[in-house]
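Trainee: I have a structure here, written as structure tokens, and I will follow up with some questions on it.
What follows draws every value from the coordinates through simple rules; no lab data is involved. All values derive from a computational prediction rather than experimental measurement. Note that each Cβ is placed from the backbone with ideal geometry, even for glycine, and that neighbours are counted across all protein chains shown.
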Amino acid sequence: MSPRARKAPIAVPLRRRGPSPRVSSVEWAGTRLPAPLGFAVRDVAELDFIFWMNGPYVVAAAPVPRTAPIAAMAEVLRDALASGKAPPPQRLRVSDPRALPSVVALVGTGVPVAVGPVPEATGALVELAEALAQARSQEAGSPLEEIVDLAEDDPALVARFFTAAAALYRLGPWNLVPSDSDVLRVDAPAVGLRNACVSVVGQIRESYGLLCFDSAETFMAFLRAARDASPPGTAMAAIPPALAVQFDAASEMPPEFLAEIRRRRWPLAGPSGVPWLMCSSPEGSPRAVTREDVLRAAVLVEAVTRFLEKHGDAIFDELARCSERYELDGAVGKTRVIVEHPHPAYRDEDDPDAALEAPDAMDSAEEAGTARFLGEWKERYNNEHLDEFEAAIRETGFALLGRTFTRDDGPGLSPHLGTSLVPTWTSLFRPRKNGRTGLDDDARDRSATDAASRAARLRLAKARVILADVISVDRAAGTVLMEDVFDHTRYTVLGWGDAQLAQLTRWARGFGLILPAR
């Protein structure tokens, strides 16, 4: 019923918890808290931090002098609205009633503004303090200094990394890959990449770059660690080992590092695209960047750039199952590199539509048969009718926006277009140019004759696509009573996860596919 949960990319210095923000998360909340001890800005003795949150996500965080007027809340909000990092709010909540006049003056009377606590910001402040403490412990050997030191021994290699990173940044992979959970497989054993799992981050305009894990299983462990992070004030779970290629603005870089870039004439894609490397150990703590890391990152970035230059448009439309082989410079001679999308071993554990995608150990024989049939049928059907699938994507985008959508709309639409709903609707229910639906064609298809497939066909023939209001939620039973907005038929819907149930309230509206339980 709901969009696929998107995972949070790593951020510096704040790491977001849980899935990426949904377009339907329309409330922003703002508060002002004392800055962590030791946080300093020039000669200001006492600082506060203003946070604007979209659920658990930091939309904006800015230090201000403690003497700054309360209207600074509205100033930070204005910058956050202009940044486009999150869906525009349909309502606002502020912790201090004195901020109401300036906030209302900024957003107008069309956006309701309420006063209430903002506990969401507490965790962000704790993470900021932890990041500050970690940065202090690494001042003597920061990744930036390590790159400069490595350039003394192998200037050509570091220059190669900067050249590759500049090409990647100019390409803008975060504009091509819909989500940071649409991961690639990169295999280059000669540089230590064996079925590596690569996540592109930057879709929500917060952190930009690549995260490379040694396997899809490690990436899924990373997602679980982020989702199940300990409550604020307690120790966070260890983050699995990873290699991160990050881009930051020149204004956030130490002047000495920028001077070294200019002196060595390392190429940059622009003032917002200064690259650097970060590596973590198996224990989850940062470790020193080595020459092997720089070579691995250079090969990784070069291969991903070449792959997305060719296949980025198809991946954007979530149609691509593609693989490419390259020969790139390695430590000794050429090294073979394979890039593939999607990563064949990755499974989206938080996909609320997963019950329709793959059989589960808890499924009945009927449910398992339906899941297998649906997955196989969708893949075969949509591969055979790519033009119809592309038309369905365009129609869905138009329905969401009220106009023809473009690639620039992709990051905002990907939480909706990335669910299993569109391919399910396309392959089963959407009439094609010949007037037939996928279910019509399936009735004529005699390639599958086993009893489970026949039962699945009959079951799917009874499925419905509904737009419905939530009437009531029974969290103990795990059911939701919903009413179709068109014919007012009421359905008791099963199969919700705890996370989904927690988000649902009366009169929330959902659009999705339902199947008869019996």
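Trainee: Ranked highest first by average number of other Cβ atoms within 10 Å, how do 171-179, 101-109 line up?
Mentor: 171-179, 101-109
Trainee: Subtract the Cα-Cα distance of Ala391 and Tyr326 from 0.36 nm times their separation in residues, and report this length gain in nm to one decimal.
Mentor: So the extension gain works out to 20.1 nm.
Trainee: Can I ask one more? For a test of the definition: using alpha carbon positions, the gyration tensor, and the 1.5 limit on a/c, classify region 269-342 as rounded, prolate or oblate.
Mentor: prolate
Trainee: Something else now. What is the spread of the Cα atoms of region 139-341 along each of their three principal axes, largest first, in whole Å?
Mentor: 47, 44, 31
Trainee: Now for a separate question. What residues qualify as long-range amide H neighbours of Arg93, i.e. H under 5 Å apart, gap of 5 or more or another chain, H built at 1.01 Å from N?
Mentor: Trp28, Ala29, Gly30, Ala114
Trainee: Over 10 Å intervals from 0, what percent of Cα-Cα pairs in region 141-216 sits in each interval?
Mentor: 17, 36, 40, 7
Trainee: What ratio of Cα Rg to 2.2 N^0.38 Å holds for region 463-518?
Mentor: My calculation over the Cα atoms of region 463-518 gives 1.03.
Trainee: Here's something else I'd like to know. Rank by packing, highest mean first: peptides 455-468, 199-212, 496-509, with packing defined as the count of other Cβ atoms within 10 Å averaged across residues.
Mentor: 199-212, 455-468, 496-509
Trainee: Same structure, new question: Would you pull out the residues with amide H under 5 Å of Glu206's amide H, same chain only if 5 or more places away, H placed 1.01 Å from N?
Mentor: none
Trainee: Using the eigenvalues of the Cα gyration tensor, what equivalent ellipsoid semi-axes result for region 27-127 when each is taken as the square root of five times the eigenvalue, whole Å, largest first?
Mentor: One finds semi-axes of 22, 15, 12 Å for region 27-127.
Trainee: So, by mean Cβ neighbours within 10 angstrom, what's the order for 268-276, 241-249 with the highest one leading?
Mentor: 241-249, 268-276
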